[in-house]
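Undergrad: Sharing a structure here in structure tokens format.
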Amino acid sequence: MMRRSNLRGIGQRCFLLFWEKKTLSDAGVLLETSLRAKQLECPPSVRYYHQITKTKHQKISHPSFEPFSSPSFSSLNSSSSSSKMGIIDWYLRKLESHPVLTKSISSSFIFIAADLTSQMITLEPSGSFDLKRILRMAMYGLLILGPAQHMWFNFMSKVLPKRDVASTLKKILMGQAIFGPTVNSVFFSYNAALQGESGPEIVARLKRDLIPTLLRGAIYWPICDFLTFKFLAVHLQPLANSSFAYIWTIYLTYMANLKGVRTA
């Protein structure tokens, strides 16, 4: 039989190992090694303690044992994130396979949303939405602005391919000097022509509305263009430009649908 002093000494060493933040298996290994070294017969109580130690260690070290995990919550998060990534991946694939069409459709939807918002702001309580106006805005984004953005941003990436501060500032200046006046002039002329205005009336509208619009755009667009040119790849720049244009288009559609200027 094992002496009580030997058993007490082994137990103390096991307790010290556990107290020093070592694993329970280390204490079990020490116990088994000590017993074999002394060629002592292990009592049933010690064998039972060692078996419990091995079982606990196996449960703790098992890779699939996660006592604080919530499978349902984890699967819900992973499914929602994978769904979002799926939509983004689908959109990026469409940008690669059909760049002009994808950018044009995106621009059209943004113009629809912006014009709806603009009408809601100015709509009288008993009024209704102007569906012809919404259609005009949708066709402008689809047929004119979407392709124009694609060509402009691709041109800028070839002329000024770098994204440093100097190149970005040059792109902003070119946008304010060339792209902005061009697309705004086309927008006012296109919208006025579809409303039945004559050539002189369109010219009078441009004289009245174009300069104030460009001056306000010079305050808003440089910040948006800096973020777009500096931090985004060229194939994502039209989408960012259209997204920034959502707020701008609310104002733009309001200006474009003001009453025309009477000419003598």
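Undergrad: If you check ILE223, ILE178, ILE172, ILE202, which single one turns out to be crowded, with 16+ Cβ neighbours inside 10 Å and under 22 Å from LYS103 (Cα atoms)?
TA: Exactly one residue qualifies, and that residue is ILE172.
Listed here are the residues, each with its yes/no results for (1) under 32 Å from the mean Cα position of the chain (by Cα); (2) closer than 25 Å to THR122 by Cα.
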position	(1), (2)
VAL183	yes, yes
ASN191	no, yes
PRO212	no, yes
GLY217	yes, yes
LYS230	yes, no
PRO238	yes, no
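Undergrad: Please verify whether region 206-221 includes one or more residues that are of a type outside the set (A, V, I, L, M, F, W, C), over 16 Å from GLY141 (Cβ atoms) and touching a Gly at 6+ places or on another chain (Cβ under 6 Å).
TA: Yes.
Undergrad: Now, a different point. With respect to LEU215, is the statement that it is out of contact with any Lys or Arg (no Cβ under 9 Å at 6 or more places or on another chain) and within 22 Å of THR117 (Cα to Cα) true?
TA: So LEU215 fails the test.
Undergrad: For the list (1) modelled with pLDDT of 90 or more; (2) loosely packed, with under 14 Cβ neighbours inside 10 Å; (3) in a helix (DSSP H, G or I), I need the number of the one condition that GLY196 fails.
TA: Looking at each condition in turn, GLY196 falls short on (3).
Undergrad: Okay, next question. With respect to LEU131, is the statement that it is without any contact (Cβ under 8 Å) to a residue 40 or more places away in the chain and aliphatic (A, V, I, L, M) true?
TA: In short, yes.
Undergrad: While we're here: Just checking, does region 123-136 include any residue being exposed (fewer than 15 other Cβ atoms within 10 Å of the Cβ) and in contact with a Phe, Trp or Tyr (Cβ under 8 Å, 6 or more places away or on another chain)?
TA: Yes, region 123-136 contains a residue that is exposed (fewer than 15 other Cβ atoms within 10 Å of the Cβ) and in contact with a Phe, Trp or Tyr (Cβ under 8 Å, 6 or more places away or on another chain).
The values are calculated or read from the model by the stated rules, or taken from the named source; none is laboratory data. What you see is a predicted model; the values in this text were computed from it and never measured. In this analysis, Cβ positions are derived from the backbone assuming ideal geometry, glycine residues included, and neighbour counts consider all displayed protein chains.
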